[in-house]
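Asks: Let me give you the structure first, and then I'll get to my questions.
The values are calculated or read from the model by the stated rules, or taken from the named source; none is laboratory data. All values derive from a computational prediction rather than experimental measurement. Methodologically, a virtual Cβ is constructed for each residue, glycine included, from the backbone with ideal geometry; neighbour enumeration extends over all protein chains shown.
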Amino acid sequence: MKIAFHGAARTVTGSKHLLTLKNGKKILLDCGMFQGMGKDTDMLNRGKTTHLSFSGDVGRYRDVILKSPETFPQADYIIMESTYGNSLHEDIHSTIDSFLEWVERTCVQKKGKLIIPAFSLGRTQEVLYAFNQLSLENRLPKLDYFLDSPLSTSITEVVKKYPQYFNKTIQKVLQSDDDPFQFEGLRYIESVDESKLLNYRNEPCVIISASGMAEAGRVKHHISNNVENSRNAILMTGYCEPASLGARLLKGAKEVSIFGVQHEVNAEVGQIKSMSAHGDYEDLSQWLSCQDKQQVRKLFLVHGEYDVQQDFKRWLVKRGFPDVEIPEQHYEVGLG
């Protein structure tokens, strides 16, 4: 039997792995990434049973909204993501205090605008939940807060419909707050005209908008219109591809080109590093901890930068996994 590494997978309801048994029975295992996430784990029969497990995107064991990843059956072969295979995230529980510091410094003290690029699925809901927590604790400054992304708005409405995928912490919140993504002062922006009006606001406010790397979407317009004012701030909340606008800002660029126009970067630029939906190497190791290492014949590392994969491979080998491989795209391997 051969497998090829192409990166495609099916999607199922919930943050799930889809486990298909040889008798046709299907089992869903939670991967703790985000609602709507699904990857395949198959038990294949070619004269004998071979167990092949595909991690998909492994979430975090201390996520503020979703349940932790579940254990999975013993595998002969594992295809595993390695995005953060050589790093540790900051404490996720410090996130709301970090947001509060940025809002107070930018909007309260400097009377400026705080622009927060956020991925529509997962990250936006985490940002809204953080602000909601501050509101419930009576610590959120009385300001205008805008979610300016039709896709983010639509996804947030979908997420609200499936509270059964939330973890125990947010389940407790739901007992006293039926909408953990809504708080006083928050307004959802839909139309282009409403979005454009935000450019002419002189009052301090917070604008949450996609895309998360600031390469597209309405947030790119907001950065274009606010990056030259030193009262304002741009707060990144996730990974930025090296060539993206978000990455250029984080690297300290003095000028950036947006829509073909050069802009001086006078706004403060920062990043909250605790919000990644991908697990760090401790999470990835915990996900593997249900396996008997000596029964895993080969472990393939995918979905990661090559230098990170090399570090993670060395780490896994030291901890007893006998054969770890980093396949190239379209690489084929026979499974005995």
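Asks: Looking at region 230-237, can you tell me whether even one residue there is among the basic types (Lys, Arg) and not assigned by TED's automatic domain parsing to the domain that holds residue 207?
Replies: no
Asks: Is there a residue being touching a residue at least 60 places away in the same chain (Cβ under 8 Å) and touching a helix residue (DSSP H, G or I) at 6+ places or on another chain (Cβ under 7 Å) anywhere in region 249-261?
Replies: No, the conditions are met nowhere in region 249-261.
Asks: Where residues in region 285-336 are of a type in the set (Ser, Thr, Tyr) and within 16 Å of residue 55 (Cα to Cα), which of them is surrounded by the fewest Cβ atoms within 10 Å (Cβ to Cβ)?
Replies: 289
Asks: Next question. Could you pull out the residue among 77, 162, 129, 145 that is surrounded by 14 or more Cβ atoms within 10 Å (Cβ to Cβ) and more than 24 Å from residue 185 (Cβ to Cβ)?
Replies: Going through 77, 162, 129, 145 in turn, just one is surrounded by 14 or more Cβ atoms within 10 Å (Cβ to Cβ) and more than 24 Å from residue 185 (Cβ to Cβ): 77.
Asks: When you check residue 257 against the structure, is it polar (S, T, N, Q), touching a His at 6+ places or on another chain (Cβ under 8 Å) and on the phi < 0 side of the Ramachandran plot, yes or no?
Replies: Yes; evaluated as a whole, the condition is true for this residue.
Asks: Scan region 276-307 for residues that are touching a residue at least 24 places away in the same chain (Cβ under 8 Å) and closer than 18 Å to residue 322 by Cβ and report the count.
Replies: Going through region 276-307 one residue at a time, the tally reaches 15.
Asks: Identify all residues within region 107-129 that are part of a loop (DSSP other than H, G, I, E, B), under 24 Å from residue 228 (Cβ atoms) and touching a Ser or Thr at 6+ places or on another chain (Cβ under 9 Å); write none if there are none.
Replies: 110, 112, 118, listed by residue number.
Asks: Scan 241, 228 and give me the residue that is part of a loop (DSSP other than H, G, I, E, B), farther than 30 Å from residue 163 by Cα and in contact with a strand residue (DSSP E or B) (Cβ under 7 Å, 6 or more places away or on another chain).
Replies: That would be 228, the only listed residue that is part of a loop (DSSP other than H, G, I, E, B), farther than 30 Å from residue 163 by Cα and in contact with a strand residue (DSSP E or B) (Cβ under 7 Å, 6 or more places away or on another chain).
Asks: Tell me which of these residue 176 doesn't satisfy, since it passes every other one: (1) of a type in the set (S, T, N, Q); (2) closer than 26 Å to residue 109 by Cβ; (3) in a loop (DSSP other than H, G, I, E, B).
Replies: (2)
Asks: Still on this structure, please answer the following. Exactly one of these conditions fails for residue 61: (1) modelled with pLDDT of 85 or more; (2) part of a helix (DSSP H, G or I); (3) within 28 Å of residue 308 (Cβ to Cβ). Give me its number.
Replies: Just one mismatch for residue 61, condition (2).
Asks: How many of the residues in region 300-320 are out of contact with any strand residue (DSSP E or B) (no Cβ under 8 Å at 6 or more places or on another chain), over 21 Å from residue 277 (Cα atoms) and not polar (S, T, N, Q)?
Replies: 5
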